[in-house]
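Worksheet: the structure to be examined is printed underneath.
Derivation of every value follows stated rules applied to the coordinates shown; laboratory data play no part. This structure is a prediction, so every number in the text was calculated from the model and none was measured. Note: ideal-geometry Cβ built from the backbone for every residue, glycine included; neighbour counts use all protein chains shown.
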Amino acid sequence: MTTRNPSQTTSKLQAKNKKESIYAALFSPYQSPYKYQIYFINQSTSSQDLDYLIDIVQTSTDFIIDTESAFKSNIPALIQIYFLQSTRIQSPLLLVEIQHLPHYSTALFSQLKKLFYCIFNVKSHFYSWGPLTNELRSFSSCLLFTFPLYVITHDLQSQFKTWFNTWITSYDSTSINESITTDDVVIINAPTYDPHLLLPTSLMNKKKFNSHESWSLQHAVLYTFGLHLSKRETLRQWDIGLDINLPTCDHSFSINYRQKLINYACLDCVSVAHINLFMHQSELPLDLTFVKEQIITGEYFVSTKSNVASDIFQLDDACSSSSFEQIDAQVMAVHVPNDRHQSMPLITSMDSQHLVSVSPLESTPDEIITNLNSQSVECSPHKRSNNAKRRKNQKSSLRHRRKRYHHEIIRPANMKITSIKQLLRKNHIKYLNIHVVHSTLFIGVKSDGFKQLYEQIIPADMFV
């Protein structure tokens with residue numbers, strides 16, 4: 001059994017809190033266009049509420065599914081089920097408290113099982129952020145449903161990855177050909193101090209699309225809507241009993257604590273519904289590899305074009321261009337064939353007029369002192385010659401240039417420097433220096449974080 005290093009856990013938690021604080025400071029909190037009515041499903045649920053929900057589910061075919069497990073113990077705690085209907089309708093959102101269900105021998109449990117039988121119908125479409133089987137497998141012990149699941153499943157997380165790549169590519173090409181007002185675009189300058197927290201949209205898309213890394217729901221909401229979906233409540237005690245009316249709920253937790261968990265659980269569901277709606281509104285094809293059957297169109301699919309902007313992160317072009325041009329003005333090459341980091345030879349020559357010739361074999365100490373004193377009086381104040389200044393500047397420039405290649409990316413290239421720069425700027429690659437030697441491109445970047453990032457998103461044949 002492997003044990004987690006406490007220092008690693010603390011470091012990971014600190015990084016998460018830092019990210020949450022930055023996101024909360026930069027972006028407005030997420031608000032969904034969907035309306036919902038919360039129904040706690042537990043031993044205190046009334047028979048009348050269950051009858052009402054059973055009636056509604058008869059006319060519903062689309063549901064958002066999510067789950068939560070208790071922190072540390074990892075026992076199944078909560079299933080969220082959102083009835084996906086029109087944004088104009090206040091739809092039921094069920095919070096099924098697995099550890100507080102009625103006994104399976106009671107009439108209330110039989111009624112609850114009937115509700116789940118209607119939901120887990122062969123005509124039902126289940127939408128989830130990630131594979132649904134993984135979400136529900138550990139919850140089968142609650143006896144409300146069985147495996148295999150005879151429903152139509154939609155893995156929106158996997159669909160989103162390919163859809164977003166198509167969408168951002170389409171948006172970028174449209175932006176070039178059409179005039180877009182600033183009212184349609186939310187521009188946020190990604191901070192340069194930590195590329196792992198925020199990136200320009202195009203870079204984040206390439207990072208995700210060209211790797212096996214999946215989109216988290218938080219990042220999907222952030223980069224699609226420019227809003228912050230908080231994840232502070234992810235690791236919490238979800239089995240305490242969210243319904244304050246539960247006789248078995250843990251009263252050591254405050255009402256405010258419960259309300260935060262309830263709000264988190266609801267927003268996790270409706271944000272998935274919002275992304276699903278937006279993907280269909282985009283009128284771009286979805287990858288049906290992650291759907292068992294053809295998608296059945298529902299009322300929540302709107303065919304009108306959405307005006308929500310995608311490229312919410314852009315670098316400050318004016319600032320970037322000026323800094324790039326200042327760097328490009330220096331033409332001293334650092335990389336030379338076969339010896340890219342060879343130091344310049346030391347400059348040992350000096351102007352002859354500033355040298356004092358002393359021959360100890362021919363002069364006595366007193367004579368030497370006399371000669372030195374007389375020459376020091378006659379010499380003019382020390383000044384560097386133009387050649388000496390030029391050599392000093394070259395050494396200084398070369399030293400600073402080497403620092404810019406401390407974090408270096410190497411790619412094959414047969415393009416002109418101007419074309420390479422244009423391509424790097426178009427893809428929001430922040431470089432300090434670039435140089436081509438014998439069809440090899442050397443790109444100097446600011447930090448190791450940028451180097452690791454760009455190594456992933458810059459294809460090997462990008463400059464060929």
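Return the long-range amide H neighbours of ALA413 (sequence gap of 5 or more, or a different chain), with a cut-off of under 5 Å between placed amide H atoms.
Amide H to amide H, under 5 Å and 5 or more residues apart or across chains, ALA413 pairs with THR440, LEU441.
Could you compute the net charge surrounding LYS161? Neighbours are other residues with a C-beta less than 14 Å from the C-beta of LYS161; K and R count +1, D and E count -1.
0
A 22 angstrom limit on the alpha carbon distance is what I want to check against. Which of LYS35/LYS114; LYS208/LYS260; LYS207/LYS421; LYS161/LYS207 exceed it?
Going by Cα-Cα distance, LYS35/LYS114; LYS208/LYS260 fall outside the 22 Å limit.
Applying the Karplus parametrisation 6.51 cos²θ - 1.76 cosθ + 1.60 with θ = phi - 60° to the phi angles of region 450-462, what ³J(HN,Hα) value in whole Hz is obtained for each residue in order, glycine and proline being reported as x?
With the stated coefficients, region 450-462 comes to 5, 4, 4, 5, 5, 4, 7, 9, 9, x, 5, 9, 5 Hz.
Could you give each residue of region 20-28 its phi-based ³J(HN,Hα) in whole Hz, using Karplus coefficients 6.51, -1.76, 1.60 with θ = phi - 60°, and x for Gly or Pro?
Each residue's phi maps through the Karplus curve to give 4, 5, 5, 4, 5, 6, 8, 10, 6 Hz.
List the lysines whose alpha-carbon lies under 16 Å from that of LYS416, not counting same-chain residues fewer than 8 positions away?
Partners within reach: LYS426.
Which lysines, if any, have their Cα less than 26 Å from the Cα of LYS389, not counting same-chain residues under 8 positions apart?
Result set, ordered by chain and number: LYS403.
Could you run the Karplus curve 6.51 cos²θ - 1.76 cosθ + 1.60 with θ = phi - 60° over region 414-430 and give me ³J(HN,Hα) per residue in whole Hz, x for Gly and Pro?
Taking θ as phi minus 60°, the curve returns 10, 9, 6, 4, 4, 5, 5, 4, 4, 5, 5, 5, 4, 9, 6, 8, 8 Hz for region 414-430.
How charged is the neighbourhood of LEU217? Take every other residue with its Cβ under 12 Å from the Cβ of LEU217, and add Lys/Arg as +1 and Asp/Glu as -1.
With Lys, Arg at +1 and Asp, Glu at -1, the net is -1.
Counting other beta carbons within 10 Å of each residue's own, what order do LEU424, LEU288 fall into, fewest first?
LEU288, LEU424
What is the order of ARG232, ARG425, ARG411, fewest Cβ neighbours within 10 Å to most?
Listed from fewest to most nearby Cβ atoms, that is ARG232, ARG425, ARG411.
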